[in-house]
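The values are calculated or read from the model by the stated rules, or taken from the named source; none is laboratory data. Predicted, not measured: the structure shown is a model, and the values here were computed from it. We place every Cβ from the backbone using ideal geometry, glycine too, and count neighbours over all the protein chains shown. Just the protein is used for accessible areas: all its heavy atoms, side chains included, with ligands, DNA and RNA removed. Shrake-Rupley method; radii C 1.70, N 1.55, O 1.52, S 1.80 Å.
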Amino acid sequence: HPHSFWMPYVDLAWLAASGESSRVSVAQAMALLETAATLFPDQREVVLTLATLERERGDSARAVSLLAAYLKSEPSDLDANLLLIKISGASQNPERLSSKLWELFYQATGADRERVARFLASYLLGIDDYRAAGLLFHQLAGHSDSQWIPFYRGIADAILGDYPSSIDQFKRAFAADPQWETLYNMAVVQLKEGDPKSAATDLSKADSLLA
């Protein structure tokens, strides 16, 4: 019966949720977390764990409520902000959500900024805001050597019709991380460029990577 420290509550909850504990049911784990949330309302691990499990159980409204309350006292907590956006994103105004992500991007530094950048890039491409995605990539140029950036830039450039730049970005992405998806996307762009020979070659390479 741990009443004075939050960690046992969280550990038991994850064990139950993962099925690794036969002694604690998910319902019991959730009850423990609710107790922990009452005892330690500002403990980020308790709030994030409870919100994550509530979302997995289908109670997104409860998860959003927990995160929103926590962020009132800890507005700069990046994990809580990103989790809230993941859970409530579909119900939010795209402009408002983009604005919040840009705000987090400019506030973050180091590895956290990289995390927000990837999240923001994925979101912008998902809502077809390719020009804003291009602005993000432009701001990252020279400040990040992450392997995901050329792949995302290749997609954005292709949709904007800049096929030479798109192919160049996909080549950079493949050189850094040889994945079949990169070759497949590059082949599609090569077909649009009127280069079926190169497209066939890259599709064959992509197929060999899948084998």
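Side notes on the structure shown:
- Pairs with Cβ under 6 Å, 6+ apart, first in the stretch 22-39 and in a loop (DSSP other than H, G, I, E, B) and modelled with pLDDT under 80, second of a type outside the set (Gly, Ala, Ser) and open to solvent by less than 80 Å² (accessible area, probe 1.4 Å): Val24/Leu12
- Residue that is modelled with the lowest pLDDT [pool: residues in the stretch 56-79 that are open to solvent by less than 70 Å² (accessible area, probe 1.4 Å), more than 17 Å from Leu120 (Cβ to Cβ) and acidic (Asp, Glu)]: Asp59
- Each residue in the stretch 154-175 was checked for being closer than 25 Å to Gly110 by Cβ, touching an Asp or Glu at 6+ places or on another chain (Cβ under 9 Å) and open to solvent by 20 Å² or more (accessible area, probe 1.4 Å), and 0 of them qualify.
- Any hit, the stretch 80-88, residues being open to solvent by 70 Å² or more (accessible area, probe 1.4 Å) and either assigned to a helix (DSSP H, G or I) or charged (D, E, K, R) (or both): yes
- Selection of the stretch 89-129 for residues being open to solvent by 80 Å² or more (accessible area, probe 1.4 Å) and either of a type in the set (S, T, N, Q) or touching a Phe, Trp or Tyr at 6+ places or on another chain (Cβ under 7 Å) (or both) yields Ser91, Asn93, Gln107, Thr109, Arg118.
- Residue-level analysis places Pro178 among those that are surrounded by fewer than 13 Cβ atoms within 10 Å (Cβ to Cβ) and touching a helix residue (DSSP H, G or I) at 6+ places or on another chain (Cβ under 8 Å).
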